[in-house]
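See structure below.
The values are calculated or read from the model by the stated rules, or taken from the named source; none is laboratory data. In this text, all values refer to a predicted model and were calculated from it rather than measured experimentally. Virtual Cβ from ideal backbone geometry, glycine too; neighbours counted across all protein chains shown. Accessible surface areas use protein heavy atoms only, side chains included; no ligands, DNA or RNA. Shrake-Rupley method; radii C 1.70, N 1.55, O 1.52, S 1.80 Å.
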Amino acid sequence: MASYVLSYVVVSVFLIISQNVMAQNSVADIVTPDFFNSIINQAGPECVGKNFYTRDAFLNALNFYPQFGQIGSADDSKREIAAFFAHVTHETGSFCSIEEKDGAIQDYCDESKTEYPCGAGKLYFGRGPLQLTWNYNYGAAGRANEFDGLNEPERVANDVVLSFKTALWFWMTNVRPVVTQGFGATIRAINSGECNGGRPDTVQSRIGFYTDYCSRFGIATNDNISC
């Protein structure tokens, strides 16, 4: 009996690992070097992000979030990947920016979030692929990814794998729940202030990237692409 139980556990662990590897491979098959480089190559040589963000770092971070790009049908999964990279492209200026431009002007400390007290002298402006912002996001992202987000927010701009991990954490926590409602819902989840006429230019920028990436992946955008 003990031998049978041990064999069952070994097989179960193998299946879980295999599923995770398959999940990463399927995303890697879509996010090819050509696709990733087509984004980053738009950044000029003066862009700090050009020498920071890499496809390998993204795939490394993906090991910790194997359910990303695995939702519904194959086309739905591709739409999620297209949506993620559309927002990343917009937020970073085609992987040009690591940190929010002029971000230090505001500390983004919400003291009402007592669970995530702001560290002395620490600034929680946008950093990384999705420009992680606010103390409560840094705190929660730190807990999920085993770093001190409240006292070491700078790590998101210094460790490229961690940078992608925090972006994937934000996506899976805040955006994944609405991703099947259409691209417009993902815009609202990331920056609701842009919607309802708030920033029509940025909304159109995000939609433009999403439409382009869906086309490259050979899929339709589906409905509700604007918020």
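Summary of computed values
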{"quantity": "Output for the range 36-75, where each listed residue is under 20 Å from ASP212 (Cα atoms) and touching a Cys at 6+ places or on another chain (Cβ under 6 Å)", "calculated": "ALA43"}
{"quantity": "Cβ-Cβ under 8 Å pairs, at least 6 apart or on other chains, the range 120-146 side open to solvent by 50 Å² or more (accessible area, probe 1.4 Å), far side among the small types (Gly, Ala, Ser)", "calculated": "LEU123/GLY103; LEU123/ALA104; ARG143/GLY149"}
{"quantity": "Conditions (1) of a type outside the set (D, E, K, R); (2) in contact with a Phe, Trp or Tyr (Cβ under 8 Å, 6 or more places away or on another chain); (3) part of a helix (DSSP H, G or I); (4) loosely packed, with under 14 Cβ neighbours inside 10 Å: number failed by ASN224", "calculated": "(3)"}
{"quantity": "Hits in the range 53-78 - residues which are assigned to a loop (DSSP other than H, G, I, E, B) and either under 19 Å from ALA185 (Cα atoms) or open to solvent by 30 Å² or more (accessible area, probe 1.4 Å) (or both)", "calculated": "THR54, ASN63, PHE64, TYR65, GLN67, PHE68, GLY69, GLN70, ILE71, GLY72, SER73"}
{"quantity": "Test for LYS50: is it assigned to a loop (DSSP other than H, G, I, E, B) and either surrounded by fewer than 21 Cβ atoms within 10 Å (Cβ to Cβ) or at pLDDT 95 or above (or both)", "calculated": "no"}
{"quantity": "Some residue of the range 79-102 being part of a helix (DSSP H, G or I), surrounded by 22 or more Cβ atoms within 10 Å (Cβ to Cβ) and among the basic types (Lys, Arg)", "calculated": "yes"}
{"quantity": "Given (1) buried (at least 19 other Cβ atoms within 10 Å of the Cβ); (2) free of Cβ contacts under 8 Å to residues at least 60 places away in the same chain, index of the condition ARG199 fails", "calculated": "(1)"}
